[in-house]
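This report refers to the structure that appears directly beneath it.
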């Protein structure tokens with residue numbers, strides 16, 4: 001199953017992502033993984049598991065997951081010391097893409113978590129800009145006076161960025177690997193006509209997934225997480241297995257609860273991987 005989890009901060013997205021079938025290889029582009037693993041849901045989801053958190057050192061060669069139940073590679077955003085020049089993102093993206101390709105091709109890995117795909121897309125965009133900026137310098141690192149130093153990407157250049165993100169989804173689907181992509185939310189904007197007759201952007205009051213347009217086309221399940229009354233709830237925004245279940249709200253969702261809901265909604269015709277054999281479904 002390819003699962004998209006989206007929501008605001010502190011709504012249980014990461015804990016839900018790592019409730020997937022074991023073994024898991026995860027990529028932590030948003031730091032703070034310890035809080036999600038060792039926090040409030042530790043006893044329910046992670047107690048007794050072997051968890052290996054691998055610090056980033058720019059070298060993917062030789063990296064492996066061994067016998068750990070959960071292996072998480074930290075991918076911290078590079079520190080930018082210049083307001084114009086972008087550095088470190090090419091190395092970070094190459095590290096990420098080589099390791100996720102290795103995990104996708106490993107039959108022993110059951111699930112892959114990208115936390116978050118929002119930041120992964122930002123890293124790819126920054127890596128593309130970094131590559132363009134390098135053309136303004138010679139091999140000795142000196143600025144070429146006649147060269148244009150790019151400060152940002154133009155809209156058409158995001159095509160290559162989006163292609164790289166789409167490739168992650170399509171490859172996971174092609175090799176039938178469980179992929180969990182976590183996303184941030186952002187404020188929705190739309191074009192409106194201002195008082196002077198010019199088109200300007202205005203907030204709609206809605207929160208939408210930040211990142212690749214059309215993300216839901218590439219996933220089987222899209223789940224929106226929210227915090228309500230001290231409890232985490234997940235709303236099915238998309239259910240590619242049974243459209244009638246869209247809008248269903250799940251209390252304290254886990255991967256197994258979602259998988260059981262899919263099984264129930266398809267009359268048992270579709271059975272997804274589980275972490276446990278039987279989990280009670282709680283829905284409203």
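The values are calculated or read from the model by the stated rules, or taken from the named source; none is laboratory data. Bear in mind the structure is a predicted one, so any value in this text is a computation, not a measurement. Using ideal geometry, Cβ is built from the backbone for each residue, glycine included, and neighbour counts are taken over all protein chains shown.
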Would region 152-167 turn up any residue that is in contact with a strand residue (DSSP E or B) (Cβ under 7 Å, 6 or more places away or on another chain) and surrounded by 14 or more Cβ atoms within 10 Å (Cβ to Cβ)?
-> no
Looking across region 200-217 at residues that are surrounded by 13 or more Cβ atoms within 10 Å (Cβ to Cβ) and not in a strand (DSSP E or B), the single one that is farthest from the chain's Cα centre (by Cα) is 216
Condition met for residue 74 (surrounded by fewer than 17 Cβ atoms within 10 Å (Cβ to Cβ), at pLDDT 95 or above and touching a strand residue (DSSP E or B) at 6+ places or on another chain (Cβ under 9 Å)) = yes
Output the residues belonging to region 4-52 that are under 25 Å from residue 66 (Cα atoms), part of a strand (DSSP E or B), touching a residue at least 24 places away in the same chain (Cβ under 8 Å) and in contact with a helix residue (DSSP H, G or I) (Cβ under 7 Å, 6 or more places away or on another chain).
-> 25, 27
Only one of these conditions is not met by residue 12: (1) at pLDDT 95 or above; (2) within 17 Å of residue 180 (Cβ to Cβ); (3) touching a strand residue (DSSP E or B) at 6+ places or on another chain (Cβ under 6 Å). Which number is it?
-> (1)
Is there a residue being touching a strand residue (DSSP E or B) at 6+ places or on another chain (Cβ under 9 Å) and surrounded by fewer than 18 Cβ atoms within 10 Å (Cβ to Cβ) anywhere in region 114-127?
-> no
Looking at this structure, is residue 172 modelled with pLDDT of 95 or more, touching a strand residue (DSSP E or B) at 6+ places or on another chain (Cβ under 9 Å) and within 25 Å of residue 32 (Cα to Cα)?
-> no
Those residues of region 16-30 which are more than 13 Å from residue 99 (Cβ to Cβ) and modelled with pLDDT of 95 or more amount to 16, 17, 18, 19, 20, 21, 22, 23, 24
Do the conditions hold for residue 197, that is, is it over 30 Å from residue 259 (Cβ atoms), out of contact with any strand residue (DSSP E or B) (no Cβ under 6 Å at 6 or more places or on another chain), modelled with pLDDT under 95 and not in a loop (DSSP other than H, G, I, E, B)?
-> no
Any residue at all in region 80-102 that is closer than 25 Å to residue 254 by Cα and at pLDDT 90 or above?
-> yes
